[in-house]
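The values are calculated or read from the model by the stated rules, or taken from the named source; none is laboratory data. Remember, it's a predicted structure, so these values are computed and weren't measured experimentally. Cβ: placed from backbone, ideal geometry, glycine included. Neighbour counts: every protein chain shown. Protein only, heavy atoms only, side chains kept; ligands, DNA and RNA dropped before computing areas. Shrake-Rupley method; radii C 1.70, N 1.55, O 1.52, S 1.80 Å.
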Amino acid sequence: MYPIRRNRRLRTNEAIRSLVRETIITPNDFLVPLFVVEGKGVKEEIASMPNYYRYSLDLLSEEVKQLWSMGLKSVLLFVKVPDLLKDNKGTEALNPDGLMQRAVKTIKNACPEMLVMTDVALDPYSIYGHDGVLVDGKVLNDDTAEILADMSISHAEAGADFVAPSDMMDGRILTIREALEDEGFTDTGIMSYSAKYASAFYGPFRDALDSAPANMKNVPKDKKTYQMDPGNRDEALRETEMDIDEGADIVMIKPGIAYLDIVREIRNEVEVPVAVYQVSGEYAMIKAAAEKGWLDHDAVMMEQITAIKRAGAHIIASYFAKDVVNFIS
Ligand code: PBG
């Protein structure tokens, strides 16, 4: 006797498959990371991130208008800081006329409804390429959190809708939330990188911003004293719950594909929106394999994005956002 239930009935053709599909990707799923540089008319391709660019402010305006027209309504900003402006404490990060602050204003001017999130971390501003102040070979926690709070206020003053601390210092969400409240920025949100792993997948991003830990004496070569150990799962929940208690509006897990067990676990436990960052190395791997003709670019891209959403992401930060929207529309 054949089974009464034949699951293949629901896979017979595209019409039925699309009728029962559980995970649908739309432009609303995406947060678009953008890299910003000084200059005019600059659109530089990032060597390890094919077809991804750093933009000067004039071209950034064009880019965000295009994103908006594609239905991509949220951006996450990163700046490449000239070496001359780097120091140990990220002083330039607080400059009201700094690149980040001008970038926020530029976008709000060009596209007032675009949701602007800003990266809050010291590494692009640090001569040592670390996410905090370095003293005697150690990344200081509380001093760094205070600077991140000042940075957050500076970004809020420039017009940022959300600040996105990507540093993994303890207690920084509370420090930032309290500072924003004190300054009257009650509507400025916080998207916390809550479970950010010390991952080798960030390599191309560090090329993009020239922000890798410096190869100098007494400078830690990696970020393992603040970013999480890839072997840990329970700790990711603890980190995320603490950030929510401290006032995070959105929590993020990073990287994506290699950490989808963590994504599902956190999605099952928390009641705030969950974001996943499909990071630079994940982008680079697909681009490189496709360039060699070893993988089907669009198919693998869609499969990975779908897997991230299926695992539990409400929001996906991805360098593929435009490629995906072009593919699905
Ligand atoms: C640093 C930061 C990193 C990324 C986002 N913010 C790199 C790092 O922690 O060294 C990585 C993003 C990516 O790889 O796409 N604060």
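How many residues does region 200-212 contain that are near the ligand (Cβ under 8 Å from one of its atoms), surrounded by fewer than 21 Cβ atoms within 10 Å (Cβ to Cβ) and over 18 Å from Leu76 (Cα atoms)? Residues in region 200-212 being near the ligand (Cβ under 8 Å from one of its atoms), surrounded by fewer than 21 Cβ atoms within 10 Å (Cβ to Cβ) and over 18 Å from Leu76 (Cα atoms): 2 in total. Here Arg267 meets the list (1) part of a loop (DSSP other than H, G, I, E, B); (2) within 23 Å of Met301 (Cα to Cα) almost entirely, failing just condition (1). Within region 5-28, residues that are open to solvent by less than 90 Å² (accessible area, probe 1.4 Å) sit with their Cβ atoms under 8 Å from residues that are outside any helix (DSSP H, G or I) and modelled with pLDDT of 95 or more, at 6+ positions apart or across chains, in these pairs: Thr26/Gly71; Pro27/Met70; Pro27/Gly71; Pro27/Leu72; Pro27/Lys73.
Evaluating Gln101 against the criteria (1) under 21 Å from Ala208 (Cα atoms); (2) within 13 Å of the ligand (Cβ to nearest atom); (3) free of Cβ contacts under 8 Å to residues at least 60 places away in the same chain leaves one unmet condition, (2).
Annotation: Asn215 fulfils all but one of (1) buried (at least 18 other Cβ atoms within 10 Å of the Cβ); (2) farther than 18 Å from Asp243 by Cβ; (3) within 16 Å of the ligand (Cβ to nearest atom); the unmet one is (1).
When we screen Pro213, Pro230 for residues that are at pLDDT 95 or above, closer than 18 Å to Tyr125 by Cα and of a type outside the set (Asp, Glu), the only hit is Pro213. Considering (1) out of contact with any Lys or Arg (no Cβ under 8 Å at 6 or more places or on another chain); (2) hydrophobic (A, V, I, L, M, F, W, C); (3) within 30 Å of Met302 (Cβ to Cβ), the lone condition that Met216 does not fulfil carries the number (3).
Within region 131-159, being surrounded by fewer than 24 Cβ atoms within 10 Å (Cβ to Cβ), touching a helix residue (DSSP H, G or I) at 6+ places or on another chain (Cβ under 9 Å) and assigned to a loop (DSSP other than H, G, I, E, B) holds for Val133, Asn141, Gly159.
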